[in-house]
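Participant: Encoded as structure tokens, here's the structure I'll be asking about.
Computed from the coordinates by the stated procedures, all read-outs in this text should not be read as laboratory data. This one's a predicted model, so the numbers in the text were calculated from it and none came from an experiment. Cβ sites come from the backbone with ideal geometry, for glycine too, and all protein chains shown count toward neighbours.
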Amino acid sequence: MKIGVLALQGAVAEHIRSIEQTGVEGVAIKKVEQLGDIQGLIIPGGESTTIGKLMRKYGFIDAIRQFSAQGKPIFGTCAGLIVLAKHIEGQEDAHLELMDITVKRNAFGRQRESFETDLKVKGIEEPVRAVFIRAPLIVSVGEGVEVLSTYNNEIVTAREGHLLVSSFHPELTDDYSVHQYFVEMVKESEQ
Ligand code: GLN
């Protein structure tokens, strides 16, 4: 089994390292053809406008929509969450428009641009060490979306079938429990 990390911009190497800590091979995905070789895909944090532009330029919008239509799991963190969302507050257009959520970018305000906390995530036994960096919030979710964690009553982790998103960066700590959770989603989808 292989899990890819979309390698256009952002925290790619960190995600590959976390995936490999779970014992699964992690692959940097730079070309659409590589999507055929992987069973799950991570879209990393970084800058969502830049990632979105590069996705359009290299044909990833349609290719990832097809990947998703095959039921293959996708995990978006931070900017990756924004890229997966159907709606972005204050913007006419979104990017992949795959997950039934509305997101607000840079939602935690200037004075709290980045912070860390321990977060209880549904389906994961121990609290997760969560690093937030100019993080987005999920302001509303559709019917098929399950909320997995909140911070100050705001939604920061959610799942819709084979799609998983987190506002925070699980790849920046030695806690790889969220990656392990995603690996299980990929294993289930393969059965
Ligand atoms: N603020 C960034 C954006 O809107 C996301 C930040 C991140 O990925 N750490 O794209």
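Participant: How high is the FRET efficiency between Val139 and Ala28 when r is their beta carbon distance and R₀ equals 25 Å, given to the nearest 0.05?
Facilitator: Between Val139 and Ala28 the formula returns 0.20.
Participant: Which one of Ser18, Ser114, Ser68 has the biggest mean-square fluctuation once the chain is modelled by GNM with Cα springs under 10 Å?
Facilitator: Evaluated over the chain, the most mobile residue of the options is Ser114.
Participant: I need to check one value: relative contact order of the chain, counting alpha carbon pairs closer than 8 Å and at least 6 residues apart, in percent.
Facilitator: Taking the mean separation of contacting Cα pairs over the length of the chain, I get 20 percent.
Participant: Something else now. Counting DSSP beta bridges in the stretch 2-190, what percent are antiparallel, to the nearest 5?
Facilitator: So the antiparallel bridges amount to about 55 percent of the total.
Participant: Using the 10 angstrom Cβ neighbour count as an exposure proxy, how do Met55, Met1 rank, fewest first?
Facilitator: Met1, Met55
Participant: Give the share of C-alpha pairs in each 10 angstrom bin for the chain, from 0 to the last occupied bin, in whole percents, shortest bins first.
Facilitator: Computed distribution, short to long bins: 10, 42, 39, 9, 0.
Participant: Another question about this same structure. Which of the lysines could be linked to Lys30 by a straight reach, that is with a Cα gap under 24 Å, when you skip same-chain ones fewer than 8 residues away?
Facilitator: Result set, ordered by chain and number: Lys2, Lys53, Lys57, Lys72, Lys86, Lys187.
Participant: Here is a follow-up. Where does the stretch 54-105 land on Rg(C-alpha)/(2.2 N^0.38 Å)?
Facilitator: So the Cα radius of gyration is 1.09 times the expected 2.2 N^0.38 Å.
Participant: Only Cα pairs within less than 10 Å get springs; with that Gaussian network setup on the chain, which residue of Phe115, Phe60, Phe75 has the largest fluctuation?
Facilitator: In the Gaussian network model the winner is Phe115.
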